[in-house]
Amino acid sequence: MSAKIGQPILTSGQRVQQQPPRQRPQHLCIRPLTVYDLDQVEALEASGFDDAERASREKLKYRLIACPELSSGLFVREFEDIGAEAVEKNAPSANKKTKKDKDDSDDEEDDGEFILPPPRSTVKKETLIGHVIGTKMYDQKITERSMGIPKLTDDYLPDSSVPGNDKIGHIEASRVIGIHSVVIHQNYRGLKLGSLLVKDYLQKMNQQCVADRVVLIAKSKLVPFYKNIEFVDDGISDCKFADSEWHDLHCVLTHEEDEDDM
């Protein structure tokens, strides 16, 4: 008797126990990143890139302070276990019926007692499993200076006295967003969370009209992924970041409004 590699040899009466299909985790949340997420962002960056390709903590901190609205994080949220009694206890007394109220409403239809949730967030933990990190940039394509950090003042602003400093790092007046990092934690890959995160990012940048163009560099194996989400391959990049060959890609933001917008 023989069997294909990876398949068990079965005797009479035995059946293969199928592994349950992988599913997206519950309670996913996409929100802008802040500098308070720095530790998780740095850890995720370290897990997703080689030493030569990952952004330093200093660069990540700069980007999350200079333009947090241009970075998105994909989180799995965990909530406190709030039982019915705890919910009722936290509900304002105005929403609770007294015995007299109930007696007076005997002739009325009873739709059930409305109880408000606790007057605070019940989120107890957010675990970062994916992120997109971006800045606005002086150049039309990713360059070494677009990925850099300008000389900063004590107020964490670009020092205007330094020549060429106005072309390095985040340029607020620019209409071009450069994406410097897209990563999904290895435990959650294969669930199409990367495309979910990037599509959400592009939609938000488009709706907010903060830029007209989004650019990035990617290795050849990832070009099809980006082409499937509306990026155009502009060929081999002049940027030799980490001594590697990259492709320039861009996506035009159209700012088209939905017909059903209010």
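Bear in mind these aren't lab numbers, they're just calculated from the coordinates by the rules spelled out. Note that the structure is a prediction, hence the values are computed from the model and not measured. Cβ placement follows ideal geometry from the backbone for every residue including glycine, while neighbour counts extend to all protein chains displayed.
Assorted remarks:
- The phi torsions of the stretch 249-255, fed into the Karplus equation with coefficients 6.51, -1.76 and 1.60 and a -60° offset, translate into couplings of 9, 9, 9, 8, 8, 8, 6 Hz, rounded to whole numbers, with Gly and Pro shown as x.
- Number of Lys-Lys pairs in the stretch 191-262 with C-alpha atoms under 18 Å apart and a separation of 8 or more places or on different chains: 6.
- Local electrostatic count at L74 - Lys and Arg +1, Asp and Glu -1, tallied over other residues with Cβ under 15 Å: +3
- Of the peptides 56-65, 134-143, 151-160, the ranking by mean beta-carbon count within 10 Å, highest at the top, reads 134-143, 56-65, 151-160.
- Comparing Cα centroids, the stretch 133-147 and the stretch 160-177 end up 9 angstrom apart.
- Proximity of backbone amide H atoms, modeled 1.01 Å from N, is registered between L253 and R213, V214 at under 5 Å, excluding neighbours fewer than 5 places apart on the same chain.
- Over the stretch 116-262, the Kirkwood radius and the radius of gyration, each from Cα atoms, give a ratio Rg/Rh of 1.03.
- Point-to-point label distance, R213-Q186, nm (Cα→Cβ direction, 7 Å offset): 3.7
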